[in-house]
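The values are calculated or read from the model by the stated rules, or taken from the named source; none is laboratory data. Computed from a predicted model, the values in this text were never measured in an experiment. Here Cβ is always computed from backbone atoms with ideal geometry, including for glycine, and neighbour counts include all displayed protein chains.
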Amino acid sequence: MRDLLKTENVKKKFGGVIALNGVSASVKKRTLTMIIGPNGSGKTTLINVISGIYKPDEGKVEYNGLDITGKPPHEIYKMGIVRTFQIPLLFTNLTVLENLLVAARINEGERFLNAIFKTKWLKREEELVEKAYRILELLNLDHLWNQPVFKLSGGQMKLIEIGRALMSNPRLVLMDEPIAGVNPKLAHEIFDHIVQLKNKLSLSFLIVEHRLDVALRYVNYVYAMHRGKIVAEGKPEEVLENPEVSKAYLGE
Ligand SMILES: Nc1ncnc2c1ncn2[C@@H]1O[C@H](COP(=O)(O)OP(=O)(O)OP(=O)(O)O)[C@@H](O)[C@H]1O
Ligand SMILES: [Mg+2]
């Protein structure tokens, strides 16, 4: 199977802190790949380098066979890589549907502003509403379409954030701790949704997560990071059994 994403020997320093010290990892098409590791091991920095927020000091990021190293975030986004954040960034006073539409309007940018013909604009608007509604159906959130987001639970907000990311027709979704602070039942539901989305929309996911108890049963491949390096990789059960991993988690 071909790699959709590949990093090669990626290095990133912040002053004297070496956040990434030569990370080579890949995400195969239509898989859930997970990055685990203790606090400060470089997981979020890796996501930030892939999504273009930080330029790596060294190394290469390849997406779908193209070198995207150091490209700005909006270009990377346009190429089909979206991300969600550790804390959902939603417009809490807007409805669920509106939150998805806002994302779409931002994506449309100029095209939307320059729409000269009103009918064309309305048609587009209709299409977007339909698309947003279909995404909400996939996430079982369609019955909540008209609710303001502040009324929803933390777990539902995480799902809406995923839904919003899907409005741009991505191929790769980067997620930073999608189930942080979510109760176990909902955490399993979120991962169930992620697996379904992967299958139905042929998506690939790169997921940073601390909660191994929930996440490991859903993922295809795991990278374990420690101090900016990958210390183990493989199928979830292989990685968990790796002594380097338990050492990193339990402290040396
Ligand atoms: N913008 C920044 N400026 C300075 N140091 C940073 C910056 N971002 C990350 N770091 C440092 O780089 C190291 C890796 O941080 P990172 O956030 O990638 O870790 P993490 O694995 O995501 O941790 P956590 O599990 O706590 O989210 C840490 O020592 C952190 O303090
Ligand atoms: Mg982090």
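List of remarks:
- The condition of being surrounded by 14 or more Cβ atoms within 10 Å (Cβ to Cβ), of a type in the set (Ser, Thr, Tyr), closer than 28 Å to residue 6 by Cβ and at pLDDT 95 or above holds for only one of 84, 69, that being 69.
- If you go through segment 50-88 and keep only what is under 13 Å from the mean Cα position of the chain (by Cα) and within 16 Å of ligand 1 (Cβ to nearest atom), you end up with 50, 51, 83, 84, 85, 86, 87, 88.
- Among the strands (runs of 3 or more DSSP E) confined to segment 1-90, the ones with at least 2 residues that are within 16 Å of ligand 2 (Cβ to nearest atom) are located at 3-14, 17-28, 32-36, 81-84.
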